[in-house]
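Asker: Quick one: the structure is below, and I'll ask about it shortly.
Any read-out appearing in this document is the output of simple, stated calculations on the displayed coordinates, not a laboratory observation. All values reported here derive from a predicted model rather than from experimental measurement. Here the Cβ is made from the backbone with ideal geometry for all residues, glycine too, and neighbour counts use every protein chain on show.
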Amino acid sequence: MYPPDCRADLHCHSTASDGYFKPAQLVAHAAAANIELLALTDHDTTAGLDEAAAAAQAHGLNFLSGVEISVSWEGKTLHLLGLDIDPGCPELRAGLGLIQQTRVRRAIAIAQQLEKLGVQAPLPRAEALAAGGQVTRTHFARLLVEDGLVTDMKQAFKRFLAAGKPAFVSTQWASLEEAIDWIHAAGGLAVLAHPLRYKFTNAWRQRMLHAFKSAGGDALEVSGGSSQQAHELETCARDALRHELLASAGSDFHSPDQRWLRYGRLAPLSSRLTPVWTQFSPSSGLT
Ligand code: AMP
Ligand code: MN
Ligand code: MN
Ligand code: MN
């Protein structure tokens, strides 16, 4: 069992999805940042886990296999992390396979919209940026920055790629129940990621948490790269206690440009909470 005060970062991305670093590079950065326990959680893929696990072993860093699954709930997209999963689990593999097909279809549709807006060859260029990993909106956002249509990634989402904007394509991902079942079938725990980023009212956030718990959800990401302020930590801590969820901590690190993520320096969890990593032990890793 990992101790409650373990320096854990259980949410980050590599080039297997929309991260900047290759899995081994990401692990090297985590080790340099004095992280003690790392989980790689790429969007809808486990493709980076073998490389990350091998690098973690070389660095003497504890590692958990993870994934961030795209979920549709009440017409909104939510993100669920699966932690300490067996990537070989047939149910999980089949589920992620379906989402990957959905991603391919969505990328084609996004590219069609961007072409209408005057972007040249968006699909092959986004695929080239993804370099064999999952194609995400982040890759299209990079194209828009590259072409000078926007000044930064934030503007690319705000003006083109966010819900309701011209290149947004509404997508049906996994259901909450399906994603949690796949994670559990793979022996992992299900964490609701960045609960304050969905821009829900308090009442809707409580509904989401109730639905997550009812579907078998295990933990809430309380300490995150984008929820570091005292009042945000307190809101998430109260939510975890109220819905009897374990607590997780994850930076959602993607790239060194995101300075606000302060990789490896997450706010510690309140002692009222039970950290999700106390449920894992070094031997439970499948690496
Ligand atoms: P996708 O899963 O393909 O819809 O892409 C979602 C990803 O886009 C998220 O995981 C973030 O990495 C990125 N993203 C979403 N909104 C923004 C934003 N406003 N600024 C920068 N990146 C964003
Ligand atoms: Mn992302
Ligand atoms: Mn996410
Ligand atoms: Mn993420």
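Asker: Given the criterion within 13 Å of ligand 1 (Cβ to nearest atom) and either part of a loop (DSSP other than H, G, I, E, B) or of a type in the set (D, E, K, R) (or both), identify the matching residue among 167, 156.
Answerer: Answer to the selection: 167.
Asker: So residue 8 ticks every box in (1) in contact with a helix residue (DSSP H, G or I) (Cβ under 9 Å, 6 or more places away or on another chain); (2) within 16 Å of ligand 3 (Cβ to nearest atom); (3) closer than 20 Å to residue 248 by Cβ but one. Which box is left unticked?
Answerer: The number of the failed condition is (2).
Asker: Out of all the residues in the range 111-135, which are buried (at least 22 other Cβ atoms within 10 Å of the Cβ) and closer than 28 Å to residue 49 by Cα?
Answerer: 126, 133, 134, 135
Asker: Need a quick list: strands (runs of 3 or more DSSP E) entirely within the range 1-93 having at least 2 residues that are over 20 Å from residue 212 (Cβ atoms).
Answerer: Per the criteria, 37-40, 62-73.
Asker: Right, something else. Hey, can you tell me all the residues within the range 75-106 that are among the charged types (D, E, K, R) and in contact with a helix residue (DSSP H, G or I) (Cβ under 8 Å, 6 or more places away or on another chain)?
Answerer: Matches in the range 75-106: 84, 86, 91.
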